[in-house]
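Down below is the structure, laid out as structure tokens.
The values are calculated or read from the model by the stated rules, or taken from the named source; none is laboratory data. Quick caveat: nothing in here was measured; it's all calculated off a predicted structure. Here the Cβ positions follow ideal geometry from the backbone for every residue, glycine too, while neighbour counts run over all protein chains shown.
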Amino acid sequence: MEYSMMRISDNGTKETLDKLALDLPDQKVYKKVLENWDRIAKPLDGLGRFETITAQIGAIHGTDDIDISNKAVIIMCADNGIVEEGVSQSGQEVTTAVVKQMVKDASSVGKMAVAIGADTIPVDIGINSREKIPGALDRKIRCGTGNFMKEPAMTEEEAVRAIFTGVEIAAHCKKRGYQILAAGEMGIGNTTTSSAVAAALLRCEVDEVTGRGAGLCDEKLEHKKQIIKEAIKIYNLYEAEPLFILETVGGLDIAGLAGVCIGGGLFHMPVVLDGVISIAAALLAERLVPGTAQYLIPSHKGREPAAERLLGELKLEPVIDGKMALGEGTGAVMMLSLLEMALSVYRGKNLFSDIQVKQYERY
């Protein structure tokens with residue numbers, strides 16, 4: 001993807017972030033979409049939450065003529081310095097290796113996206129390597145975050161620039177005609193950063209929101225929890241503002257995805273969330289720019305315990321319960337395919353009047 005517009009991220013500041021405000025999705029269109037569903041030859045609410053979710057998409061787009069055929073998965077890729085503390089089975093070199101597969105659509109999300117006709121946009125927002133990866137969008141803020149047990153993960157300026165990088169990419173996707181976005185990520189150690197961000201934003205016990213990530217043993221899991229507990233104490237995060245939480249224990253992928261979520265609201269594009277990292281980014285975005293959650297669509301309830309708590313705080317209910325923990329945006333891509341199937345019924349417009357059957361009435 002080639003961009004000619006001036007980078008929003010070059011001009012974004014904390015002050016401009018604080019001033020962002022979102023319009024509400026069009027509730028008249030929301031109601032009209034539901035009325036359209038009722039005229040389709042099927043039981044009332046027969047497609048359940050897919051009817052209300054598609055109504056949400058219509059309200060975001062401002063039309064009951066819903067089309068999401070032009071879709072993209074934005075995959076924020078970054079490394080996390082906290083892996084130095086032994087919170088992951090893998091080293092940071094894995095991030096680079098996987099992204100090299102992503103750009104060829106050879107990773108899991110790429111293969112799934114090809115199957116449903118979605119484009120993938122891998123973004124190097126903070127991979128810990130100076131190597132340029134052909135096919136990955138270079139928006140590197142820095143080569144990985146700091147180890148938050150030794151120093152804050154990033155500076156405030158870096159955190160804000162990463163957020164506005166996500167906003168910028170959403171803006172360019174809008175310009176290129178994408179109608180819906182999916183949120184993906186890649187970065188070793190990011191279940192640690194997302195758990196830390198979740199615990200701090202929710203002001204809950206670390207044990208409630210910290211899972212095994214890619215498969216930690218019991219001993220390593222306890223170590224991971226202890227690391228997060230110590231960090232929350234060091235930075236006094238239960239009393240902290242959202243941006244400070246991000247810059248101290250967050251990740252550049254989380255920051256970028258928070259920007260994508262905010263951009264969805266600013267440019268009226270629905271954003272489909274994936275697993276715990278994107279959901280942590282979503283709550284961060286909602287805390288930074290209230291109203292962002294109205295532009296977000298949940299996909300699945302993953303294995304990481306933070307996901308359910310975060311979704312509950314956002315008042316979002318996932319559709320898929322497949323106990324997945326793959327990441328990359330794979331759950332969001334699955335959700336896109338389900339939405340397309342539901343919309344095939346909606347757009348097919350096989351009405352009660354067409355089959356000479358009396359329409360069901362609501363009582």
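Annotations for the structure displayed:
- Subset tally (residues that are charged (D, E, K, R) and either closer than 12 Å to GLU239 by Cα or in a helix (DSSP H, G or I) (or both)) for the stretch 193-212: 3
- Between GLU317, GLU304, GLU308, the distinction of being acidic (Asp, Glu) and touching a Gly at 6+ places or on another chain (Cβ under 8 Å) belongs to GLU304 only.
- Check on ASP105, free of Cβ contacts under 8 Å to residues at least 60 places away in the same chain, part of a strand (DSSP E or B) and more than 18 Å from ALA282 (Cβ to Cβ): no
- Options LEU339, LEU284, LEU343, LEU311: the member that is free of Cβ contacts under 8 Å to residues at least 40 places away in the same chain, in a helix (DSSP H, G or I), aliphatic (A, V, I, L, M) and at negative phi: LEU311
So that you can scan it fast, the table gives a plain yes or no per residue for (1) modelled with pLDDT of 95 or more; (2) under 29 Å from GLY110 (Cα atoms); (3) crowded, with 24+ Cβ neighbours inside 10 Å:
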site: ILE125; (1), (2), (3): yes, yes, yes
site: PRO134; (1), (2), (3): yes, yes, no
site: LEU137; (1), (2), (3): yes, yes, no
site: CYS143; (1), (2), (3): yes, yes, no
site: MET149; (1), (2), (3): yes, no, no
site: THR155; (1), (2), (3): yes, no, no
site: ALA162; (1), (2), (3): yes, yes, yes
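- For the stretch 293-300, the count of residues that are within 14 Å of the chain's Cα centre (by Cα), surrounded by 24 or more Cβ atoms within 10 Å (Cβ to Cβ), among the small types (Gly, Ala, Ser) and assigned to a helix (DSSP H, G or I) is zero.
- Filter result (closer than 15 Å to GLU151 by Cα and without any contact (Cβ under 8 Å) to a residue 60 or more places away in the chain) within the stretch 209-228: ILE228
- Among the candidates LYS140, LYS150, LYS132, the residue that is in a loop (DSSP other than H, G, I, E, B), in contact with a strand residue (DSSP E or B) (Cβ under 7 Å, 6 or more places away or on another chain) and more than 19 Å from ALA258 (Cα to Cα) is uniquely LYS132.
- Condition check for ALA196: under 24 Å from LEU311 (Cα atoms), surrounded by 19 or more Cβ atoms within 10 Å (Cβ to Cβ) and over 16 Å from the mean Cα position of the chain (by Cα): yes
- Considering residues of the stretch 166-191 that are charged (D, E, K, R) and crowded, with 24+ Cβ neighbours inside 10 Å only, the residue nearest to the chain's Cα centre (by Cα): GLU185
- Whichever residue in the stretch 263-292 is of a type in the set (Val, Ile, Thr) and out of contact with any Cys (no Cβ under 8 Å at 6 or more places or on another chain) and, among such residues, is surrounded by the fewest Cβ atoms within 10 Å (Cβ to Cβ): VAL289
- Odd one out for VAL319 among (1) touching a Lys or Arg at 6+ places or on another chain (Cβ under 9 Å); (2) at pLDDT 95 or above; (3) within 17 Å of VAL109 (Cα to Cα): (3)
- Scanning the stretch 314-336 for residues that are of a type in the set (Val, Ile, Thr) and either at positive phi or in contact (Cβ under 8 Å) with a residue 40 or more places away in the chain (or both) yields VAL319, THR330, VAL333.
- A count restricted to the stretch 57-94 and to residues that are crowded, with 21+ Cβ neighbours inside 10 Å, assigned to a helix (DSSP H, G or I) and either acidic (Asp, Glu) or under 18 Å from the mean Cα position of the chain (by Cα) (or both) stands at 2.
- Unmet requirement for LEU288, which otherwise passes all of (1) in contact with a strand residue (DSSP E or B) (Cβ under 9 Å, 6 or more places away or on another chain); (2) within 30 Å of ARG212 (Cβ to Cβ): (1)
- All of VAL249, VAL260 fail the test of being touching a Phe, Trp or Tyr at 6+ places or on another chain (Cβ under 9 Å), within 30 Å of GLY215 (Cβ to Cβ) and surrounded by 20 or more Cβ atoms within 10 Å (Cβ to Cβ), apart from VAL249.
- Scanning the stretch 255-311 for residues that are farther than 14 Å from ILE180 by Cα and in contact with a His (Cβ under 9 Å, 6 or more places away or on another chain) yields GLY275, ALA307.
- Of the listed requirements (1) at pLDDT below 95; (2) within 23 Å of GLY110 (Cα to Cα); (3) not charged (D, E, K, R), PRO298 misses just one: (1).
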